Amino acid sequence: MSNLYALFEDRFPVDLTQNFIATKDNKTYSYQDLLSSTSQIAKILSSYKLSKGDRVIFQVKKSPEAIFLYLACLKLGLISVPLNTSYTASELSYFLDDIEPGLVVCDPASPIIKENLLHTRKNISLLTLDKHGKGSLFKSSDNISHPVQATDVVGDDVACILYTSGTTGKPKGAMITHENLSSNALTVHQSWGFNNDDVLLHALPIFHVHGLFVALNCVLLSGTPMIFLPEFNVDDIIKFLPRVTVLMGVPTFYSRLLLHSELNDTSLKNIRLFISGSAPLLKEMSDDFYAKTGHRILERYGMTETVMIASNPLNEERIPGTVGQALPNIAVRITTDDDMTLEAGETGNIQVSGPNVFKGYWRNPEKYQEEFTKDGFFKTGDVGFLDNKGYLTIVGRSKDLIISGGYNVYPKEIESIMNALDGIHESAVIGVPHPDFGEGVIAVVVKENNKKIDESNLKILLKQELATYKVPKRIFDISELPLNVMGKVQKNTLRERYNSVFDT
Ligand code: MCA
Ligand code: AMP
């Protein structure tokens, strides 16, 4: 079975009246609703003369209908390209040009509409979908009567393109296939013991691997319900926790939960599993959470290009500070810079191979070649070591990347924008410890001719270009950047100097 949607459909509960989604305001959608809404959207999409392999961008708020839209794309063999809802017009322009979609579905308040971004870009259809699941997407459905069959796809066909940046600062579209997703979905579903009694609390965004694939796949393969919250809000999490068995989140979810006075036996009464990923979960935090709740958070490790790579076990020992062992059928090795495999205990580059590893970067074959070894392992850009039992510890990254609250921020992208601003000679963007987001983004700038730069004005300017989570939380003046003998900015020196700016 190659189409991921067909795999899901095969696992739906026999009784289709069972719940698939319950929303924050207690609206429910059954598996029957999923089937009919997905078919209805598939009919609408097919009336737009889209064919297999065409791209559908969606930049929409989180709603059950957004999930049905994604499922309809899978069903038709269309390639979904979900985009962060906080992207600005200039960020969106890049994606529109790079991906050349046949259709864009966006929120009515998106810059795509407000700034008329499709005006000069021809042959792109536009539909809207708002946070209530309403919009022009549904307007045209009434007079379409023909039924729509799932499109035949082979496992190697691309299901989704998700953007991830790089050291060049230009986002690259990672092409993730039906096989990547199906194999990984089956693996984590089994490894984490998902079963008919589970109810997932879903509070993640649905434009990334974590919320769209990892969480949703486990629900759909079990044919069970999820409580689907529009965003993370710690009071809502506490309110809904007693109704669920599993929560998946980034470390910030757990640090905020730990501070909540109502994290107690009542709120935890039905929970069997807390899962964390997308960013490092500090050992101390894991220990504090264990001490307070009796639950050892299961930490796992993944990437956009590889979906899930490694996980702490469900039933064996979960070792805090590690991301566990390679998942079944996935190989993880540690190497030197010239790809020689290192022994247990030795620190080096983390490389991965398996059916989970993506197909390539959209229209960027050179970049794809660079990221693989001669024998076909993907270079993650993460640095770590394996112990004798195969547990992986991530100690850092060779890539210049900041992970803030589970979102990736690429310094190069921000530096390029800052350096082009009037009055800035050069800049360096770094991540430093942040009590809530794990790492907080800060910028250090050298001004041109001692011009005065106002921090808040600079942030306003940056917000016009960048999604808010990328905008440095603090900006510092410096007379010159510390350079090494090669003329490269010594970011470690800067990180040491500004290490405690977010201390409370
Ligand atoms: C929001 N802001 C942030 C972040 N989120 N700034 C830095 N880092 C963030 N993560 C900005 C807001 O725009 C706002 O800016 C200000 O910070 C305060 O927002 P706040 O209300 O505190 O934030 P929030 O709305 O509560 O969001 C925090 C969050 C959210 C719940 C942690 O960022 C989140 O849902 N993160 C999950 C991301 C995720 O799903 N990552 C998975 C990637 P202003 O005040 O200026 O307006 S997939 C992946 O990494 C791999 C494959 C994997 O392994 O899973
Ligand atoms: P992304 O490019 O958004 O897919 O982010 C992938 C990156 O997130 C990985 O390369 C890691 O650097 C990081 N990451 C994901 N899970 C973990 C984890 N459990 N611990 C540490 N880093 C993680």
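The values are calculated or read from the model by the stated rules, or taken from the named source; none is laboratory data. Computed from a prediction, not measured in an experiment: that's the story for all the values here. Heads up, the Cβs are rebuilt from the backbone with ideal geometry, glycines too, and the neighbour counts pull from every protein chain shown. These area figures cover heavy atoms from the full protein model, side chains too; ligands, DNA and RNA do not enter into them. Shrake-Rupley method; radii C 1.70, N 1.55, O 1.52, S 1.80 Å.
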(request) Tell me which residues, restricted to the stretch 389-421, are touching a helix residue (DSSP H, G or I) at 6+ places or on another chain (Cβ under 8 Å) and more than 15 Å from ligand 2 (Cβ to nearest atom). (result) 414, 417, 418, 421
(message) For the stretch 409-426, give me the residue count where each residue is in contact (Cβ under 8 Å) with a residue 40 or more places away in the chain and of a type in the set (S, T, N, Q).
(response) 1
(request) State all residues of the stretch 186-239 that are closer than 16 Å to residue 314 by Cβ and open to solvent by 10 Å² or more (accessible area, probe 1.4 Å); if no residue qualifies, say none. (result) 186, 187, 189, 190, 191, 193, 194, 195, 197, 222
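Any residue in the stretch 174-187 that is closer than 24 Å to residue 353 by Cα, at pLDDT 95 or above, more than 16 Å from ligand 1 (Cβ to nearest atom) and of a type in the set (S, T, N, Q)? Steps first, answer last, please.
Of the residues in the stretch 174-187, the ones closer than 24 Å to residue 353 by Cα are 174-187.
Going one step further and asking which of them are at pLDDT 95 or above, we end up with 174-187.
Keeping just the survivors that are more than 16 Å from ligand 1 (Cβ to nearest atom) gives 178-179, 182, 186.
Keeping just the survivors that are of a type in the set (S, T, N, Q) gives 182.
Yes, the stretch 174-187 contains a residue that is closer than 24 Å to residue 353 by Cα, at pLDDT 95 or above, more than 16 Å from ligand 1 (Cβ to nearest atom) and of a type in the set (S, T, N, Q).
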(request) Report yes if some residue within the stretch 446-461 is away from ligand 2 (no atom under 16 Å from the Cβ), in contact with a helix residue (DSSP H, G or I) (Cβ under 6 Å, 6 or more places away or on another chain), of a type in the set (A, V, I, L, M, F, W, C) and under 22 Å from residue 87 (Cβ atoms); otherwise report no. (result) no
(message) Exactly one of these conditions fails for residue 470: (1) within 11 Å of ligand 1 (Cβ to nearest atom); (2) modelled with pLDDT under 95; (3) of a type outside the set (Phe, Trp, Tyr). Give me its number.
(response) (2)
(request) Kindly provide the set of residues from the stretch 179-203 that are under 16 Å from the mean Cα position of the chain (by Cα) and in contact (Cβ under 8 Å) with a residue 60 or more places away in the chain, ordered by number. (result) 180, 181, 184, 185
(message) Need the failing condition index for residue 382 against (1) farther than 19 Å from residue 210 by Cβ; (2) acidic (Asp, Glu); (3) assigned to a strand (DSSP E or B), just the number.
(response) (1)
(message) Can you tell me which of (1) open to solvent by 30 Å² or more (accessible area, probe 1.4 Å); (2) under 20 Å from the mean Cα position of the chain (by Cα) is the one residue 374 doesn't meet?
(response) (2)
(message) Taking the conditions exactly as written (open to solvent by less than 40 Å² (accessible area, probe 1.4 Å), touching a Gly at 6+ places or on another chain (Cβ under 6 Å) and among the hydrophobic types (A, V, I, L, M, F, W, C)), does residue 392 satisfy them or not?
(response) yes
(request) Collect the residues in the stretch 17-57 that are outside any helix (DSSP H, G or I), open to solvent by 70 Å² or more (accessible area, probe 1.4 Å) and out of contact with any strand residue (DSSP E or B) (no Cβ under 7 Å at 6 or more places or on another chain), keeping them in residue-number order. (result) 24, 25, 26, 27, 49, 52
